[in-house]
Amino acid sequence: MRLDRFLSECTDLSRANAKKALHRGDVTCDGVVVKNPGFKMSDHCEVRLLGERLQHLGERYIMLNKPVDVVCSNVGEGNYPSVLTLLDIPKAQTLNIAGRLDADTTGLILITSNGPWCHRVTSPNKECGKRYRITLAEPLIADAEQQLAEGVQLHNEKKPTRPAQLERISDTEVLLTISEGKYHQVKRMFAALNNRVITLHREQVGGITLGENLAPGEWRELTAEEIASV
Ligand code: URA
């Protein structure tokens, strides 16, 4: 890899500012100042910027426990900052957020630098199930399981929803697994059953479960097994 690209991928420097840092003599490779932006690095080259060791992170795969009042877009919306502002890592703003949760929804968000992997998580055709824990305003009707398994008709949609699995914990607390992600989908599904969602929390995406010890706003890297499960 070229040295200027390496610098821009593992620091907050743009490619142009990486070149300037090189010209200033701020960068060493294996202890020797290198000023040429096109310098081709060997795999084991030790690069330092102003004496600080840099490490290339490769592809990034992150799970984050989304708190309320942040949005799942790369820039903030209105008074709500982007969920990416919770990541204290270089170039966080360039990462892909796999699917959107509403500002008032909490729980599992997957974030990655790998575009095709992100697509596999979000594409309805890949049937990657998303499980939500939901509290409802009203007691659930008796045949809710059957209606959701057969698909319900959402307002302003051409087709009914795909089959969804409902697990009743109590009359007003349920787990719902869906494999698509239409706008406000879960809220609209319960509206179709004459109910209303009070709290919505995503616990699982495909084979990836939100870590129990991640407090709202905290994140961790995915394990190799979790990455491969998608
Ligand atoms: N369905 C919703 O209605 N909201 C979400 O945030 C996620 C799924």
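Observations on the structure shown:
- Some residue of segment 125-132 being open to solvent by less than 40 Å² (accessible area, probe 1.4 Å) and at pLDDT below 95: yes
- If you go through segment 132-147 and pick out every residue that is within 16 Å of the ligand (Cβ to nearest atom) and within 8 Å of Thr172 (Cβ to Cβ), you end up with 3.
- Identity of the residue in segment 89-112, of a type in the set (S, T, N, Q) and open to solvent by 40 Å² or more (accessible area, probe 1.4 Å), that ends up farthest from the ligand (Cβ to nearest atom): Thr94
- Within segment 113-124, tally of residues that are surrounded by fewer than 13 Cβ atoms within 10 Å (Cβ to Cβ) and either β-branched (Val, Ile, Thr) or assigned to a strand (DSSP E or B) (or both): 0
The values are calculated or read from the model by the stated rules, or taken from the named source; none is laboratory data. Because the structure is predicted, anything quoted here is derived from the model rather than measured. Cβ: placed from backbone, ideal geometry, glycine included. Neighbour counts: every protein chain shown. For the accessible areas, the whole protein counts, side chains as well, though only heavy atoms, and no ligand, DNA or RNA atoms are used. Shrake-Rupley method; radii C 1.70, N 1.55, O 1.52, S 1.80 Å.
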